[in-house]
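Derivation of every value follows stated rules applied to the coordinates shown; laboratory data play no part. Nothing here was measured: the structure is a model prediction, and the numbers come from that model. Note that each Cβ is placed from the backbone with ideal geometry, even for glycine, and that neighbours are counted across all protein chains shown.
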Amino acid sequence: MLFSESRHDMDRSNPVIPSRTASREEVSAFAESSIEKLRRHRCRPERNLEIGGMVDQFRREAGRARRGVGTFLDVWEAVVPPEIATATRVRGIRGGVARVGVLDAATSYDLDQRLRNGLLAELRLAFQSPLRRVKLEIDGSLTRD
C-alpha cells in the first residue's frame, strides 16, 4: 500500500475531515461552519445594561454584607466583655478579617492581649464563619460618655 493510498483511506474514515473527493461547496461549507463555531467561542456575550440587573446585584451584595456584619456584631457584643465592647465599634468584616475601631491605644492594647489569650478562639466558635483575625484601628470618632 502506498503512502498516498493510506492517507486517502484515513480521510474517508474521519467524518470531521473532508475527503479529497469532496466537492468545493462541501469543503467551503465545512470551513464556514468551523469558523462560525470558533467565532461563537471567541466573542463575549453581550452584557445586560438594564438597571434591573444592577439593582438585583446590589441587593444581593448588600444582603450578604449585612448578614456577615450583623452576625459578627451580635457575636462581638455577646463574647467581648461589656466594659471593652462599649469602647469599640465593629466597622466591617471581609475575607475573614474583622475591622474593629477602638477608642484609644490603651483599649487597643487590652483588647489585643485578650484576643491573643483566647478571645479570638471564642469569637471564631461563636461566629461560625471564617474569621482569620481581628484588625484593631484607633477611631477618634468614638467618645467615652
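Points to keep in mind about this one:
- Summing Lys and Arg as +1 and Asp and Glu as -1 over all other residues whose Cβ lies under 9 Å from the Cβ of GLY101 gives a net charge of +1.
- Cα extents of the range 61-138 along the three principal axes, largest first (Å): 35, 22, 20
- Using R0 = 30 Å, the C-beta based FRET efficiency linking ALA85 and GLU61 works out to 0.60.
- With neighbour counts taken as other beta-carbon atoms within 10 Å, the residues PHE72, PHE58 rank, fewest first, as PHE58, PHE72.
- Counted by neighbouring Cβ atoms within 10 Å, the residues ILE93, ILE84 run from fewest to most as ILE84, ILE93.
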